[in-house]
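One structure is given below, encoded as structure tokens.
Every number here is computed from the coordinates shown, using simple stated rules; none is lab data. From a predicted model like this one, the values you see are computed outputs, not experimental measurements. Neighbour counts are summed over all protein chains in view; Cβ atoms, including those assigned to glycine, are modelled from backbone coordinates with ideal geometry.
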Amino acid sequence: MDFQAMISLGAPLGLGMAAVGSAYGIGRAVGSAMEAMGRQPEAAAKIQTAMIIGAGFIEALTIYVFIAFFVAMGKVG
Amino acid sequence: MTSSMDISFIDRTLKTTGILALIVLAFGWLHYPFFDILAVFSGMIWGIINLYFLALLVRVAIRPEGPDKAAALGLMFIKFPMLYLAGYFLLKVTQFELAYLVIGFSSLFAVMILKVLGRVILGLDGNNKPNHNHHQQEAV
């Protein structure tokens, strides 16, 4: 298997794995946030802030992978 | 002093990054190629709009009184197809270097980390410490 074929196979696979990982992370974060809000509704604002920051970082990670995917596919041509 | 790390923290981060973006655009092109600075600026603005809509989405969808479904759907429609499409077109602009777009997008998170670090170093969220003055006043 040559270099270009490896990138063609690995880049979409990596992007898919990153998407699955992010979806799992966001799902867990939202689930935990809902649970925490149900237990302590008065702390909802702080939980929402932590949730937004966490979701932002997870989303950023996926976007970096998406950009890396573009770079890798650019090398394939 | 500032309040604890409540929901306004996100708004303050967005404002700080917006001011930083304007400073980069105003002074950056004097020292660096214009399109590189424009790419950094575009990345920053895209990141600000993205986090703004993410914050709005979390506020209407994840709250104790239940989600506002109509507002959440509207925000999802703006954020996911339209904003991501705009991001895709930014990636496709040939004058913009990918690295500068990424630097601009990442600066929002750098601002966020520095703000949190500042709060930790200055001890602004250390509300678990006992208030000695208050105890002294009670004793008096």
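Specify the angular offset, from 0 to 90 degrees and rounded to the nearest 10, of the alpha carbon long axis of helix B:8-28 from the longest principal axis of the alpha carbons in chain B.
Value to nearest ten degrees: 40.
Any idea what log10 I(q)/I(0) is at q = 0.18, 0.21 Å⁻¹ for the stretch A:3-76, Debye with uniform C-alpha scatterers and no solvent?
-0.71, -0.84
Which whole-number percent is the relative contact order of the stretch A:3-76 (Cα, under 8 Å, 6+ apart)?
In percent, rounded to a whole number, it is 56.
Using only Cα atoms and rounding to the nearest 10 degrees, what angle (0 to 90) does helix B:34-61 make with the longest principal axis of chain B?
Approximately 50 degrees, to the nearest 10.
Return one number: the angle in degrees, 0 to 90 and rounded to the nearest 10, between the long axis of the Cα atoms of helix A:3-39 and the longest principal axis of the Cα atoms of chain A.
Tilt relative to chain A: about 0 degrees.
Under 16 Å Cα to Cα from A:Lys46, which aspartates and glutamates show up? Leave out anything in the same chain fewer than 8 places away.
A:Glu35, B:Asp6, B:Asp11, B:Glu65, B:Asp125
State which entries of A:Lys75/B:Lys15; B:Lys79/B:Lys115; A:Lys75/B:Lys79 exceed 27 angstrom in Cα-Cα distance in the structure shown.
Over 27 Å Cα-Cα: A:Lys75/B:Lys15; A:Lys75/B:Lys79.
At a threshold of 8 angstrom on Cα-Cα distance, excluding pairs fewer than six apart, so keeping six or more, what relative contact order does the stretch B:21-125 reach in percent?
38 percent
Please give the average number of partner chain Cβ atoms lying within 10 Å of the Cβ of each residue in B:56-65, rounded to a whole number.
What the average comes to for B:56-65 is 5.
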